[in-house]
Amino acid sequence: MMKKSKLITKAWKQMSSRVAKHRAAAAEKPHIPHDVPKGHLVVYVGKEEESYKRFVIKITLLHNPTIRALLDQSKDEAYDDFTSGDSKLCIPCDETLFLEVLRCASPR
């Protein structure tokens, strides 16, 4: 009976060790939203933080000069947000202007 108890205890310790390793590995991985397809990223657009609207855009659009200008402008205006640990990519412009830029920048 004692041998069976030791086997169960050993198996339990091994299983709990695996679970702990799995949890530690999961905690280290960055969170990627499930609704963002591969090759895309999330940007938040709006004048005020409370009214930001979330857009999922193709990463290739970052090469467009107009979008780069908007990003440079947002980097200058929101430098404090980036250094405070907020990882949201925010573009402080009117939503209709951003949609027009996307329309012009998107490949046909």
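The values are calculated or read from the model by the stated rules, or taken from the named source; none is laboratory data. Since the model is a prediction, treat every value here as computed from it, not as a measurement. When we count neighbours, we look across all protein chains shown, and the Cβ atoms used for this are built from the backbone with ideal geometry, even at glycine. When the accessible area is computed, the model is the full protein with side chains, heavy atoms only, and any ligands, DNA or RNA have been set aside. Shrake-Rupley method; radii C 1.70, N 1.55, O 1.52, S 1.80 Å.
For (1) surrounded by 10 or more Cβ atoms within 10 Å (Cβ to Cβ); (2) outside any loop (DSSP other than H, G, I, E, B); (3) at positive phi; (4) at pLDDT below 85, each residue gets a yes or a no:
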| residue | (1), (2), (3), (4) |
| --- | --- |
| Met15 | yes, yes, no, yes |
| Lys21 | yes, yes, no, yes |
| Ile57 | yes, yes, no, no |
| Arg68 | yes, yes, no, no |
| Thr96 | no, yes, no, no |
| Leu102 | yes, yes, no, no |
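Every residue in region 36-53 that is assigned to a loop (DSSP other than H, G, I, E, B) and either under 9 Å from Cys90 (Cα atoms) or open to solvent by less than 90 Å² (accessible area, probe 1.4 Å) (or both), please.
Result: Val36, Pro37, Gly39, Gly46, Tyr52.
Does any residue of region 82-89 turn out to be loosely packed, with under 10 Cβ neighbours inside 10 Å, among the hydroxyl-bearing types (Ser, Thr, Tyr) and at pLDDT below 70?
Yes.
Cβ-Cβ distance below 6 Å, separation of 6 or more or different chains: which pairs start in region 93-108 with a residue that is farther than 17 Å from Tyr44 by Cα and end on one that is not in a helix (DSSP H, G or I)?
As it stands, the answer is Ala105/Asn64, since those pairs meet every condition given.
Take region 36-57 and flag every residue that is without any contact (Cβ under 8 Å) to a residue 24 or more places away in the chain and closer than 16 Å to Val101 by Cβ. Give the steps one after another, and end with the answer.
Filtering region 36-57 for residues without any contact (Cβ under 8 Å) to a residue 24 or more places away in the chain gives 36-40, 48, 50-51, 54, 56.
Val56 - this is the single residue of region 36-57 that is without any contact (Cβ under 8 Å) to a residue 24 or more places away in the chain and closer than 16 Å to Val101 by Cβ.
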